[in-house]
Amino acid sequence: MKRNVHAIAGVLAFCFIAVFWTSTMVAELFFDHAAVASVKLAISYALIAFVPCMAIVGATGFAMGGKSTFPTLVAKRRRMPIIGANGLLILIPAAIFLCSKAQSGEFDRSFYTVQLLELLAGAVNLFLMAQNIRAGRQMSRRHRRS
C-alpha cells in the first residue's frame, strides 16, 4: 500500500510541476498578460494539492527506505533535499510572488527575473524527479523479481 501511495504521489507531483512549467512557457510565449495572470493564479491555487503530494512522497519514501544502503536508494535519497529545497525556497515563494505581481499587472524586471529563476528551478526539479521515478521503477521491477 505504501509503495502505491508513494508512486502515485510522486507521479502526481512530477505532473504538477510539468504542467506548471509548460503552462507558464506557453502563456508567456503565445498569450497576453491576462493569460499569464490567469496561469499564475491557477498555479497558486494548485499549490494546495501540490504541497501535500510532495510531503506524501517524502514521508513514504523515507518510511520505505529506512537506513538502507542500496546504491539506487542512496542516490534517490541524495536528490530529495535538492528537490525539497527548490520547492520550499524557490518554487512556492516564486509562485506566490508571481501571482501577486501578475494580478496587479506588474510585469516588470522583478517579475521576469523571478519568472526565470522559477523556470530554472522547475526544470531542475523535473530532471531530478524524473531520475527518482526511473530509479523507483527499477527498484520496483527488481522487487517483483525477487
Subset of segment 53-85 that is free of Cβ contacts under 8 Å to residues at least 40 places away in the same chain and closer than 22 Å to Val19 by Cβ - its residue that is surrounded by the most Cβ atoms within 10 Å (Cβ to Cβ): Gly58
So Gln103, is it within 30 Å of Glu28 (Cβ to Cβ) and surrounded by 15 or more Cβ atoms within 10 Å (Cβ to Cβ): no
Among the candidates Thr24, Thr72, residue that is under 17 Å from Leu128 (Cβ atoms) and in a helix (DSSP H, G or I): Thr72
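Looking at segment 120-133, which of its residues are over 11 Å from the mean Cα position of the chain (by Cα) and closer than 24 Å to Phe97 by Cα?
Within segment 120-133, just Leu120 meets the criteria.
Identify the residue in segment 1-38 that is touching a residue at least 40 places away in the same chain (Cβ under 8 Å) and among the β-branched types (Val, Ile, Thr) and, among all such residues, is surrounded by the most Cβ atoms within 10 Å (Cβ to Cβ).
Ile17
Every number in this text was worked out from the coordinates using simple rules, so none of it is lab data. Note that the structure is a prediction, hence the values are computed from the model and not measured. Virtual Cβ from ideal backbone geometry, glycine too; neighbours counted across all protein chains shown.
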